[in-house]
Each structure stands twice: as structure tokens, then as C-alpha cells.
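Engineer: The structure's right below; bear with me while I get my questions together.
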Amino acid sequence: MAELIRDIELFGADIPRLEALREKGRRAFLLPTTKVEAWKYTRLDLLQKGDFVPPASKFLSELAGEPESCDCHHDDDDCRQQPEKDKAGHCCCGHCQALCPDLPFEAYCLHFHNGQFVPIYPALPQGVQVMTLMEAFARGEDDHLLGKYINLSQYPFAALNTAYLEEGLFIRIERGVCLSRPLALLFHAVGDGCLANVRNLIVMEEGAQAELLEYYFGGEETNLRYFNNSVNEIYLGAGAVLNHYKLQDEAKQAVHMALSCVRIKKNGAYKGFCLQKGAALCRNETLIRLLEENAKAEANAAYLANGQMTADTTTDIEHLAEKTYSSQLIKGVVDDKAKGVFQGKIQIARDAQKTEGRQLHKALLLSDTAEVDAKPELEIYADDVKCSHGAASGELDREQLFYLRSRGIGEDEARRMLIDAYLSDVIDRVDHLEIRDWLRGQF
């Protein structure tokens, strides 16, 4: 819908390479319909009005010297100073506590408010660079990687994100550096009608190790209607290891679209997990390319859908070299008139011999009106491989439910216990114990 592309002033319009990227996004964006194979199960009716509006450029305001509120974005006159920070980098001023909930574990926290980065930086260890994407672009730190490997005609919302390319972070973890606590990107939304496009570029050099958490959450007004559209470009050097966790708990009327594009070199390992439980319409998409020998990837996920929510999990894993490995386990719980969607593809190139790829999707339907659409795919051009895929759906075991109720457990509690048990094996794939317990508490 053309109305989602608006003529607004962005930082860096005089930088040819940056403006060329934006123009490429503007030309490529076209709101897909169900006639497009990749979107046949996911209706985009909530976007038909095209009435979401991106925020004004924060960078242009800074250049103009306009007064700003404190970095917590509170507007009171008595709060126009750099807020205090605790040792973990959390904002501690009284106005921010509601917007920046504390995580129940230590992390290097970086905050976004309505899709704009709040410039408060935690004390990071040596060998870790974090800066705004525009700063990295202007300094050439992005190594010309930004937007290089995403086919915008294939990923329309990445094209929309590129058209508004401005907000986001550049993160580089240098060779051999191992982070002792996760990097946490916290996205808080309170702006009704806001279209937020965040682009993060993450580069991990040879042998680096890290954990990354993305947490998207709406305000107390659960009926806020906004649109978060995020893209991560992730590059893992030889032997680099990244555990990537995500919790999407947007407001009930929000729209959430996300793409993570991951490229992995020799002996590198990426392990992703996403839990989706918020938004009226959400799609979490992962594109992984295993570029060299012994590259490994996992793309696990869970989704909890109720009301009239649509929760879409889409994956595409390309094995481009021999002796590469991938695994996917996705589980969903769907209630009321909600809809769960899984589309998963494993592609194995002709030269990717001695490769292994496994994929499994299971869904639990809790009502007669719940719907699940699953499309697992294998595309194999090599002959010495081990591959499997599968999809299944069912309902709660009535005998187990009866057994629990016969022991004096109420129906709601018995159902919750069975759902917890059903999702336990996918949650157990989260390596970080405290993050795992935190995610389990979201059910």
C-alpha cells in the first residue's frame, strides 16, 4: 500500500550510498496479498488503511539544536537532564521506571522508545562496539555490509524498513571476545498509530561469543495500535557463536513484522529462539545461510495465539557448503478464533554434501474455531544428506485433563499445566538458564 511510504525528511539525504539504499527500498516495497505464495496464509488487512506514520527524525532535530527532553523521553520541564543509570545501564530516573522494566537477570541493556534509540550506553567490555547505525554508516564502520544480502523484492517489509533506513544500532564484537552477560535490546511502544522501522547490523568476528536478547513490549494501554517493523542483519565469522533470544509481547492491536538475516562462516554457530504472544498480527521471519563447512544453526520458536490474533513463523535455511547442520523445532498453542502459521524451508545446494537438516512443527488447538496452517518444505540438490521435516496438530489429551481434575486440580490450572508440559521441550532448548525461566513465566 503506497500510503505506508511517506515523503518525510530523513538524516543523510546528502549521502549518496545511504539515499540509494532508501530509494531501492521505496521502489521494491509492495504490500503482498494472499496471491503471493509466501503470504498465502497471512492476511494483511490491518495494514490496508496505510495510516501508520513514522516518527519525525530524531537526528535532524539534534542537528537543528532543538531542545529535547531527557533520554527517557519524559516531557516534564523538570526532567531535561541525563538520567542516572545503575551498574547494568538501566535508566533509574523516576519517570523511566514504568517504561524500562527491569529484567530478572543481568544484561547490557539498550533501549528503544517508539522505535527510536534512547542514547544511554551501558559500560561494555573492551572489544565490543555499540553505536547508532547512522554513526556507523557515516564513519564507514558498516564495512558496506548494510543491505548487501537481502533481496528486497522477496522481503517486502525489509524493503519498507530500508525505505525509512535511519534508526537502529551497529554492534561489533571483536575477535575472540566472549560476553559474560547478554546484550538486551528493549523496545517499548506507547505511540498510537506509530510506524517504527529499526535496523540492526551485528558483526561478530572470528571466535567471538555472545548472547543477544530482543524484547518487544507495549504499554499498559493494551489496545494501542502501532506497527513495529524490524530487520536484523547478523554476520558470524569463523568459529563465532551467537545465542539469539526474542520475546514479542506487543499490545493486543499492534502489528509486528521482523526479519533476521544471518550469514555463518566455517565452524560458526547460531542458535535462535523466539516466543510470540502479543500483537494482533505478527510475523517472525528468519533467513539463515550456512556459507562454509561445519557451520551450524538452530531456529526454534513457540507461539501463543488467542482472540483473533494471527501468529506467523517463517524460516528459510540455506545449506551452501558441505558438512553443515540445521535444526528447527516450532510449537504453537492456538485458542479462540486465532490463527497460527508456520512456513519452513530447508534448501540444500548441490555442493552441500554430508549435510544434515531437521525441521518439526507441532500445534495445539484449544478451540473448534482455532486454525493452523503449516507448510514445511525440503529443496535438496545433493545426494549424501540426512533431512527430515514434519508437521502435526491436535488438541489437549482429554484423559490427561481428566486425570488432573480427578486429583482436585481446577480445569484452568489443569489446562495450564498440560500446555506448560507441551511447550517444555522447545523452551528447554534455551541455553541461558535465567532467560529460560523468564520465558517460561510468560505462558
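Engineer: So how far apart, in nm, are the two label points at residue 442 and residue 20 if each is 7 Å from Cα heading toward Cβ?
Structural biologist: Spacing of the two 7 Å Cα→Cβ label points: 3.9 nm.
Engineer: Just 344, 357, 12 to compare: in a GNM of the chain, with alpha carbon springs under 10 Å, which one fluctuates most?
Structural biologist: 12
Engineer: Compute the separation of the alpha-carbon centres of region 117-151 and region 173-224 and state it in Å as a whole number.
Structural biologist: 13
Engineer: Could you rank the peptides 385-394, 178-187 by their average count of other C-beta atoms within 10 Å per residue, with the highest value first?
Structural biologist: 178-187, 385-394
Engineer: What number in nm² do you get for region 290-443 if you take the convex hull of its Cα atoms and divide its surface by four?
Structural biologist: 10.1
Engineer: Now for a separate question. Summing +1 for each Lys or Arg and -1 for each Asp or Glu, what net charge is found among the other residues whose Cβ lies under 12 Å from the Cβ of residue 382?
Structural biologist: Once positives and negatives cancel, what remains is -2.
Engineer: Once the cut-off is 14 Å, how many percent of the Cα-Cα pairs in region 321-393 end up in the long-distance tail?
Structural biologist: Within region 321-393, distances greater than 14 Å cover 59 percent of Cα pairs.
Engineer: Still on this structure, I have one more. Calculate the translational D of the chain in whole µm² s⁻¹ from Stokes-Einstein, where the hydrodynamic radius comes from the Kirkwood formula applied to all Cα pairs, the temperature is 37 °C and the viscosity 0.692 mPa s.
Structural biologist: D, rounded to a whole number, is 145 µm²/s.
Engineer: Also, quick follow-up: I'd like to know which of 38, 5, 16 lies farthest towards the positive end of the charge dipole of region 1-44, counting +1 on Cβ of Lys and Arg and -1 on Cβ of Asp and Glu.
Structural biologist: About the Cα centre, the residue reaching furthest to the positive side is 38.
Engineer: Regarding region 162-291, what are the three Cα extents along the principal axes, ordered largest first, in Å?
Structural biologist: Cα spread of region 162-291 along its principal axes, largest to smallest: 45, 31, 21 Å.
Engineer: Of all accessible surface on region 323-443 at a 1.4 Å probe, what whole percent is carbon and sulfur?
Structural biologist: With neighbouring chains kept in place, the figure for region 323-443 is 44 percent.
Engineer: Counting only heavy atoms of protein chains, what accessible area per residue, in Å², does the chain have with a probe of 1.4 Å?
Structural biologist: 43
Engineer: So, in nm, how far is label residue 407 from label residue 217 when the simple model puts each one 7 Å beyond its Cα toward the Cβ?
Structural biologist: Each label point lies 7 Å from its Cα, and together they span 3.2 nm.
Engineer: I need the shape label for region 219-303. Rule: rounded when a/c is under 1.5, else prolate if a/b > b/c, else oblate, with a, b, c from the alpha carbon gyration tensor.
Structural biologist: In terms of gyration-tensor shape, prolate.
Engineer: In nanometres, what is the gap between the two model label sites at residue 358 and residue 7, each 7 Å from Cα along Cα-to-Cβ?
Structural biologist: A separation of 5.6 nm, rounded to one decimal place.
Engineer: With springs only between Cα atoms under 10 Å apart, run a GNM on the chain and tell me which of 309, 131, 417 wobbles the most.
Structural biologist: Among 309, 131, 417, the largest GNM mean-square fluctuation belongs to 417.
Engineer: Using the Cα gyration tensor of region 3-66, with a ≥ b ≥ c the square roots of its eigenvalues, what is the shape: rounded (a/c below 1.5), prolate (a/b larger than b/c) or oblate (neither)?
Structural biologist: oblate
Engineer: Still on this structure, I have one more. Helix by helix through the chain, keep the DSSP H runs that span 20 Å or more along the axis on Cα and average at least -0.5 on Kyte-Doolittle, and give those back in order.
Structural biologist: Length and hydropathy pass: 411-427.
Engineer: Also: Let me understand region 123-176 better: what is its radius of gyration from the alpha carbons, and its Dmax, in angstrom?
Structural biologist: Using the Cα atoms of region 123-176, the pair Rg, Dmax is 13.1, 39 Å.
Engineer: Considering only the chain, what is the antiparallel percent among its DSSP beta bridges, to the nearest 5?
Structural biologist: Roughly 5 percent of the beta bridges in the chain run antiparallel, per DSSP.
Engineer: For the chain, give the magnitude of the charge dipole about the Cα centre (Cβ charges: +1 Lys/Arg, -1 Asp/Glu; no others), in debye to the nearest 20.
Structural biologist: 1320
Engineer: Still on this structure, I have one more. Under the Kirkwood approximation for Rh and a Cα-based Rg, what ratio Rg/Rh is obtained for region 379-443?
Structural biologist: 1.18
The values are calculated or read from the model by the stated rules, or taken from the named source; none is laboratory data. Note that this is a predicted model, so its numbers are computed, not measured. Neighbour counts are summed over all protein chains in view; Cβ atoms, including those assigned to glycine, are modelled from backbone coordinates with ideal geometry. Quick note on the areas: whole protein, heavy atoms, side chains included, nothing else; ligands and nucleic acids left out. Shrake-Rupley method; radii C 1.70, N 1.55, O 1.52, S 1.80 Å.
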